[in-house]
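Right, one structure below, let's go through it.
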There are 2 protein chains.
Amino acid sequence: MGRQPIRWGIGIDVGGSSIKSGLVGEDGTVEAFAQHRLERVDEAGLLLNAISGEATRARQQAEALGFEVAGVGVCAPGSLETATGIIHKAPNLPGLDRLPLRDRLTEALAGPIHLANDVNAAALGESCFGAGQGHRHFAMVALGTGIGGGLILDGRLYTGAAGFAAEIGHIVVDPDGPACPCGNVGCLERYAGAAGIVETARRLLADGDIESPLAALPEDRLTPEHISEAAAAGDALSRQVLAETGRWLGIAFITLINLLDPECIVLGGGVAQAGAPLFDAIRSTLEGRTMSSTARSVPVVAARLGTQAGMVGAGALALWPERG
Amino acid sequence: MGRQPIRWGIGIDVGGSSIKSGLVGEDGTVEAFAQHRLERVDEAGLLLNAISGEATRARQQAEALGFEVAGVGVCAPGSLETATGIIHKAPNLPGLDRLPLRDRLTEALAGPIHLANDVNAAALGESCFGAGQGHRHFAMVALGTGIGGGLILDGRLYTGAAGFAAEIGHIVVDPDGPACPCGNVGCLERYAGAAGIVETARRLLADGDIESPLAALPEDRLTPEHISEAAAAGDALSRQVLAETGRWLGIAFITLINLLDPECIVLGGGVAQAGAPLFDAIRSTLEGRTMSSTARSVPVVAARLGTQAGMVGAGALALWPERG
């Protein structure tokens with residue numbers, strides 16, 4: 001006997017520099033994956049063409065393969081307003097900002113599409129096929145240029161009243177901290193986003209207390225990747241940077257845990273590749289500060305779907321819209 | 001034509017000094033309300049007797065009135081573990097701490113009961129009949145000796161993986177703040193709980209910069225109520241205390257808003273009686289720090305059910321267990 005036929009969702013992840021698409025099966029299999037560079041991200045028409053082009057391509061490939069397609073899911077960075085299907089605040093994709101994206105895509109594709117914020121989609125992807133499998137309540141945190149978040153509560157994406165929930169990067173960690181472009185001060189992102197991490201490294205380099213190979217790099221070229229690599233190679237200063245980053249993440253996670261009592265926190269994004277030096281600092285901060293009376297020990301685990309998480313989650317949303 | 005017959009829930013609120021009970025109708029009417037002092041709160045047997053005594057009394061009154069009773073709901077302070085029906089960390093009710101409360105009450109009443117944490121119950125009460133009516137997502141914050149919380153998400157109580165969610169008093173507002181008995185540092189409760197508010201007043205009195213009638217009170221007798229009353233009478237120092245308290249609450253609420261995107265925040269408990277001087281400080285903190293790009297303006301509104309909120313919510317839980 002052959003395998004049961006399964007349904008497939010078309011998943012499309014529109015990022016600041018590339019668009020990813022593929023067919024996502026009910027069992028988590030990905031077929032017909034493609035990634036293309038986006039040359040222009042400031043023109044709505046070009047972006048809409050790119051998205052509907054990928055949807056058409058994926059649909060044709062599904063047809064050729066004899067796959068039943070359940071629908072199309074699209075994710076992009078920014079705050080997605082549920083009621084209108086408009087994305088606000090997408091600095092890396094100015095062409096999409098304030099565009100009635102859901103309506104325009106529905107028109108272009110002559111059929112309904114499912115929209116989500118990129119990290120929200122990634123959370124759903126991890127929930128269906130990754131590190132969040134089997135968990136009813138968890139938080140996904142994506143560490144990159146910014147810090148994105150996604151909440152799976154009661155087994156589905158929680159997006160709040162307007163769609164703007166899960167801004168984990170904007171948990172306040174210092175009431176008198178530096179200004180954040182969001183309008184607040186002392187947001188987690190200011191410390192543990194890429195710029196914040198580099199700032200910590202620059203401060204420690206300027207202190208001059210610890211010798212480091214990072215000192216040889218031009219200051220304006222320093223990235224979290226350099227820091228992770230140097231830490232892995234044993235650089236004490238880089239390890240100190242990751243320890244401080246992990247402490248800030250841990251402080252924010254305490255708040256997250258006390259508010260939402262999740263089963264776990266899933267950590268993804270490029271910066272999470274730093275691995276043990278970062279995760280250890282988070283863990284020790286949590287251990288030192290968690291409410292002792294209820295003895296909660298919430299695991300912080302690495303995401304499993306890597307750079308395809310958003311695309312896979314968008315496909316999952318097309319397969320199971322009721323979880324979005 | 002007469003009114004449609006409605007169903008009634010028995011609501012029981014076990015507090016640190018008294019037990020409240022009553023019949024809560026589907027339309028929010030309360031009948032047969034009673035409040036009794038609890039002489040001993042350290043003995044499980046006496047507390048269980050008091051609770052089942054109230055349940056029996058309410059059931060008899062319902063019978064006399066010809067009311068159909070849907071069930072019994074009980075709320076108490078502390079962290080209620082969902083799976084076991086055990087309350088952890090109930091310093092004001094040591095007799096209930098770690099007692100298998102649900103099992104013991106089910107046995108005593110020869111029938112199922114519905115349990116909730118007190119502020120969780122209050123949130124459900126406000127959701128059904130109070131300031132949360134018509135809102136799908138909101139947070140309830142009760143300002144008293146401690147700071148309790150309740151979350152209504154997607155129209156029902158959100159209690160998390162183990163039942164320990166909504167610890168709004170343990171949002172971290174200062175990463176290097178004073179130790180909190182919970183094991184963390186810089187929790188909201190340390191600043192805006194009763195002891196924190198009194199501490200702020202003592203500090204300002206010691207500074208001696210502002211004359212205040214509070215200076216005439218013995219320091220160890222000072223309460224948030226004195227401060228609220230003096231503020232209402234125009235005392236500048238007391239207003240400053242409430243402004244600082246409101247600022248800390250506002251900082252925590254920013255985190256709450258960025259994480260959960262609620263429709264509103266409902267503020268109850270004795271300290272919320274301070275009114276405008278407190279609410280204004282919260283509002284101005286929110287206005288100064290809310291994410292501007294999404295232009296969210298989340299109202300902070302006064303609770304409407306007063307000291308009966310927990311009892312009413314426990315009754316609502318008996319009427320609609322699926323919302324718990």
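Given a Förster radius of 22 Å and the C-beta distance between B:D207 and B:D280 as r, what FRET efficiency does 1/(1 + (r/R0)^6) yield to the nearest 0.05? Please report the intermediate quantities before stating the final value.
Values: r = 23 Å, r/R0 = 1.03.
Rounded to the nearest 0.05, the efficiency is 0.45.
Of B:G270, B:G183, B:G310, which has the largest mean-square fluctuation in a 10 Å C-alpha GNM of chain B? Highest fluctuation of the listed residues: B:G183.
If a/c stays under 1.5 just call it rounded; otherwise compare a/b with b/c (prolate if a/b is bigger, oblate if not). Do that for segment A:105-149, with a ≥ b ≥ c from the square roots of the Cα gyration tensor eigenvalues. Oblate shape, in that a/c is at least 1.5 and b/c is the bigger or equal ratio. What does a probe at A:E219 reach in segment A:228-249, counting residues whose amide N is under 13 Å from the point 7 Å along Cα→Cβ? Taking a point 7 Å out along Cα→Cβ of A:E219, no residue of segment A:228-249 has its backbone N under 13 Å. Taking the charge dipole of chain A about its Cα centre, with +1 at Lys and Arg Cβ atoms and -1 at Asp and Glu Cβ atoms, the residue from A:H226, A:Q133, A:L38 reaching farthest to the positive side is A:Q133. Rg over Rh for segment A:138-303 works out to 0.98, both radii taken from alpha-carbon positions and Rh defined as the Kirkwood radius. Projected label points at B:R156 and A:E322, each 7 Å from Cα along the beta carbon direction, are separated by 1.3 nanometres. Sorted shortest first, the distances from the A:S297 label point to those of the same residue in the other copies are 4.8 nm; each point sits 7 Å from Cα along Cα-to-Cβ. Remark: label point of A:E225 defined 7 Å out from Cα along the Cα-Cβ vector; separations to the same position in other copies 6.4 nm, ascending.
How big is the charge dipole of the protein assembly as shown about its Cα centre, in debye rounded to the nearest 20, if each Lys and Arg gets +1 on its Cβ and each Asp and Glu gets -1 on its Cβ? Numbers along the way, then the final one.
Details: 48 positive and 72 negative charges, 226 e Å.
With Lys and Arg at +1 and Asp and Glu at -1, about 1080 debye.
Spatial offset of segment A:18-41 relative to segment A:217-271 amounts to 28 Å, using the alpha carbon center of each. The residue list A:I168, A:L237, A:C187 was ranked by how far each Cα lies along the charge dipole of segment A:138-303 toward its positive end, using unit charges on Cβ atoms, and A:I168 comes out on top.
Can you list the lysines whose alpha carbon is less than 30 Å from that of B:K20, not counting same-chain residues fewer than 8 positions off? Filter leaves B:K89.
As a rough guide to protection, the peptides A:276-283, B:72-79, B:121-128, A:139-146 ranked by mean Cβ packing within 10 Å, highest first, stand as B:121-128, B:72-79, A:139-146, A:276-283. Of the GluC sites (Glu not before Pro) found in segment B:170-248, those in coil by DSSP whose Cβ has at most 15 other Cβ atoms within 10 Å are B:E211.
Compared with the dominant Cα axis of chain A, that is its longest principal axis, helix A:276-289 is turned about 70°. Counting only Cβ charges, +1 for Lys and Arg and -1 for Asp and Glu, the dipole size of segment A:138-303 around its Cα centre is about 340 debye. Only the Cβ atoms of Lys and Arg (+1) and of Asp and Glu (-1) were treated as charged; on that basis the dipole of chain B about its Cα centre amounts to roughly 560 debye.
What the pair-distance distribution of segment B:59-194 shows, using all Cα-Cα distances binned every 5 Å from zero, is 2, 10, 16, 18, 19, 15, 11, 4, 2, 1, 1, 0 percent.
Label sites at A:S18 and B:A233, each approximated as a point 7 angstrom past Cα along Cα to Cβ, lie 7.1 nm apart.
Note on the protein assembly as shown: the alpha carbon radius of gyration divided by the globular reference 2.2 N^0.38 Å gives 1.03.
When chain B is treated as a Gaussian network with alpha carbon springs shorter than 10 Å, the biggest mean-square fluctuation among B:A116, B:A206, B:A166 belongs to B:A206.
Read the figures in this text as sums done on the coordinates, not as results from a lab. On a predicted model such as this, the values are computed, not experimentally measured, just so you know. Positions of Cβ are backbone-derived with ideal geometry, glycine not excepted, and every protein chain shown enters the neighbour counts.
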